Amino acid sequence: MNRENEANRNPLINGALLAYVLLAYLFVFAPIVASFVFSFNSDRFPSIPLGDFSTEWYRAVAADPLVWQGLRNTLLVGVGVGVISTALGFGAAYTDHRYNFLGKQVYLALALLPPTIPVVIMGLAMLAFLSRVNLSGDAGAVIIAHVVICAPFAMAVIRLRLSQMDPSLEPAAWNLGASEWAAMRHVVIPFCRPAILGALFVTMAVSFDEFAIAWFVSGLNETLPVKVLGFLQGQVSPRINAVGTFVFIVSMTLLILAQLLLGRTAAPRKE
Amino acid sequence: MTPVTQAPLVSLEGVAKHFGTYTAVQKMDLQIHEGEFLALMGSSGCGKTTTLRMLAGLEAPSEGVIRLDGKPINDLPSWSRDTPMVWQSLALFPFLTVIENVEFALKMRGLGRTERRRRAEQWLDRMQIAEFAGRNISQLSGGQRQRVALARSLVIEPRILLLDEPLSALDAALKVRMQSVLKTLQRETGITFVYVTHSQSEAFSMADRVVIMSRGKIEQIGTPQDIYRAPRTRFVADFLGSSNIFPGQLTRDGQGRPVLATSSGDFALPAGNAPGIAGQAASLTVLDTRMQIHPQPPQGARNSVAARMIGEEFVGATATIHFETDNGQELRVQKSHEDLADLSLAIGKPFYLSWSPADGHLVQE
């Protein structure tokens with residue numbers, strides 16, 4: 001970063017901006033930190049002063065077969081959703097990059113629309129539709145529903161990367177003897193590789209956390225977030241803090257991985 | 001020089017390209033001979049790049065036939081022609097190393113790993129970039145990338161190489177060096193080069209033949225010398241920018257000799273260059289190096305005009321002196337500093353500019 005002349009900076013504005021950023025982070029992360037802290041607290045109810053350090057809630061969670069089942073469903077769904085929505089997103093982004101056609105603006109608007117639909121409506125619609133075609137109530141149904149909301153994220157991420165590609169790169173590959181398929185395999189996909197992996201992690205993270213739609217369509221094959229609601233309805237237990245901390249760490253890890261991959265591609269390339 | 005007798009390597013027969021209602025290339029006939037260095041020159045939008053892209057198969061001609069070695073290639077996809085191209089942006093693959101870039105075309109042709117590597121190394125050697133084989137493209141300088149792009153295209157040892165303004169991103173000194181690299185490479189390999197450029201100095205210093213294009217049409221084809229000495233049209237003379245141009249009308253003087261009547265006077269025409277039809281519009285071009293400056297009206301059978309000096313510009317060993325005639329036409333004369341020494345030049349001072357009729361050249365409007 002370039003060092004700016006300090007004389008061009010108003011210390012008051014600097015201070016205010018810093019305070020603003022710190023407060024925003026505090027506001028966002030305080031509940032998560034609290035949940036994290038209480039997950040290691042031996043007391044039954046979250047209260048201050050804290051009791052002893054304890055991992056009993058984690059042990060309780062680990063001993064619960066329902067949690068394991070939920071986790072297995074969540075991971076299965078997450079991987080499936082990641083792979084399918086990244087593939088779909090790549091196809092949609094490449095279509096936008098390579099072709100011009102009548103109604104392209106409409107195509108783009110429709111492709112990017114699903115995340116803007118309220119999840120309750122989406123969940124309800126999915127349930128109505130999937131039960132009609134006898135697909136509701138299993139992990140496959142959750143995968144289908146999650147792909148609908150995740151594919152646009154994958155498309156957005158990969159589209160950004162394609163926009164950084166020299167428009168001559170693909171024709172250059174054809175010119176050197178690569179068929180369209182070979183150019184796709186040896187030029188377009190390698191060029192997009194960081195974005196493709198980033199999209200994979202982002203979509204997995206979105207699916208991993210998603211509750212409302214999964215609640216509607218998962219039936220007996222509940223994912224972890226749906227299980228957590230089950231815990232809450234039964235009793236308030238610090239086990240929730242333990243599960244929450246775990247889910248948070250997994251999601252954060254996926255997002256940080258995605259950020260690292262995407263940040264590297266966005267860095268200015270020396271031309 | 002080019003052997004014109006043998007069959008052309010590439011021929012364009014009535015080739016045109018339309019984009020919607022816009023015509024990028026109008027019915028064009030062009031023959032490219034084996035082993036020649038051909039430059040397609042013109043300002044932007046003249047159709048030179050579209051012509052090159054049609055040769056590479058990136059655009060399909062709307063009309064006409066393109067033949068490579070006698071066979072029509074209109075419908076052949078890019079990847080089935082051996083017409084590699086050096087791109088203006090170079091379009092090197094940023095995720096591959098230098099040697100992997102050079103191997104790419106061989107890999108697409110299904111060559112084995114060791115054979116690919118061996119051939120790529122030969123070309124890296126030849127382009128004097130062998131030491132960078134394992135580097136990333138982003139670690140190379142502009143000149144080095146240029147050499148990688150050439151090696152990547154030439155590794156398949158094609159009969160023709162297409163170049164789309166490949167030097168435009170380089171600084172002036174490097175440009176001159178790469179010009180001699182390209183010219184030497186072309187002479188040594190005998191590969192036909194088709195070189196698109198808007199730069200007269202690039203085209204004239206490298207090419208055996210130059211094609212000057214304007215608005216999708218060929219204005220003139222010829223050796224650099226021919227075009228420089230005898231531009232065929234007013235456009236070419238204007239484009240080259242090294243001649244003074246007098247627009248006028250063909251007529252005959254008192255003795256019945258053909259002259260050009262211009263707003264600056266009637267000028268005698270060079271023998272053998274005078275078309276017959278009186279009354280026809282035409283322009284007389286005179287190279288700025290062939291004009292003389294006189295303090296007094298010159299005697300003898302020379303064309304001359306009176307003009308006032310308006311400026312002076314030093315160009316290394318020579319200087320260009322700018323003049324303006326009474327009716328507002330600007331003229332230029334290029335002379336060595338020695339020739340100018342005893343003229344006592346001063347801005348605003350009236351002079352007479354003259355040239356021998358033999359140094360004039362008549363062009364169509």
Suppose R0 equals 30 Å. What FRET efficiency, 1/(1 + (r/R0)^6) with r the Cβ-Cβ distance, do B:SER336 and B:ASP238 give to the nearest 0.05? 0.70
Tell me, which longest segment in chain A has none of the chymotrypsin sites (Phe, Trp or Tyr not before Pro) that fall in DSSP loops with at most 10 further Cβ atoms within 10 Å? A:102-271
Return the distance in nm (one decimal) between the two label points of a simple spin-label model at A:LEU26 and B:VAL181, each offset 7 Å from Cα along Cα→Cβ. 6.0 nm
Backbone N under 20 Å from the B:GLU324 label point (7 Å along Cα→Cβ), restricted to region B:228-251: B:244-247
Scan around B:PHE351 for amide H atoms under 5 Å from its own, H built in the peptide plane at 1.01 Å from N, and keep only partners 5 or more places away or cross-chain. B:ALA307, B:ARG308, B:MET309
Taking a crude spin-label model, label points 7 Å out from Cα along the C-beta direction, the B:LYS217 to B:ALA281 distance in nm is 1.3 nm
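So if each residue of separation counts as 0.36 nm, and I subtract the Cα-Cα distance between B:ASN74 and B:SER138, what length gain in nm does that give?
19.4 nm
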Give me the net charge for the shell around A:LEU66: Cβ to Cβ below 10 angstrom, other residues only, Lys and Arg +1, Asp and Glu -1. -1
Using modelled amide H (1.01 Å from N, peptide plane; none on Pro or chain starts), what sits under 5 Å from the amide H of B:LEU161, excluding residues fewer than 5 places away? B:THR192, B:PHE193, B:VAL194
Within the set B:LYS17/B:LYS107; A:LYS104/B:LYS107; B:LYS17/B:LYS71; B:LYS27/B:LYS71; B:LYS71/B:LYS217; B:LYS48/B:LYS71, which residue pairs have Cα atoms separated by over 26 Å? B:LYS17/B:LYS107; A:LYS104/B:LYS107
Are there any helices in chain A, counted as whole DSSP H runs, that stretch 20 Å or more along their axis by Cα and score at least 1.6 on average by Kyte-Doolittle, and if so which? A:11-39, A:139-163
Here the gain from full extension of A:LEU232 to A:ASP138, 0.36 nm per residue of separation minus their alpha-carbon distance, amounts to 31.6 nm
Once phi for every residue in region B:148-162 is put through the Karplus expression 6.51 cos²θ - 1.76 cosθ + 1.60 (θ = phi - 60°), the whole-Hz ³J(HN,Hα) values, with Gly and Pro written as x, are 5, 4, 5, 4, 5, 7, 7, 4, 7, 6, x, 8, 9, 10, 9
For B:GLU219, distant residues with modelled amide H under 5 Å away: B:ILE212, B:MET213, B:SER214
Tell me, what is the FRET efficiency for A:VAL37 and A:ASN14 to the nearest 0.05, using R0 = 41 angstrom and their Cβ-Cβ distance as r? 0.85
Determine the distance separating the Cα centre of region B:138-198 from the Cα centre of region B:75-96; give it in Å without decimals. 14 Å
List, in order, the whole-Hz ³J(HN,Hα) value for each residue of region A:165-173 obtained from phi through the Karplus relation with A = 6.51, B = -1.76, C = 1.60 and θ = phi - 60°; use x for Gly and Pro. 7, 3, x, 7, 5, 6, x, 4, 5
Measure of exposure for A:MET204: accessible area at 1.4 Å probe, Å² rounded to 10, is 40 Å²
Using a Förster radius of 35 Å, what is the FRET efficiency between B:ASP266 and B:SER199 based on their Cβ-Cβ separation? Nearest 0.05, please. 0.40
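The values are calculated or read from the model by the stated rules, or taken from the named source; none is laboratory data. For clarity, every value in this text was computed on a predicted model and none was experimentally measured. Don't worry about glycine lacking a Cβ; one is built from the backbone with ideal geometry, like all the others, and counts go over all protein chains shown. Quick note on the areas: whole protein, heavy atoms, side chains included, nothing else; ligands and nucleic acids left out. Shrake-Rupley method; radii C 1.70, N 1.55, O 1.52, S 1.80 Å.
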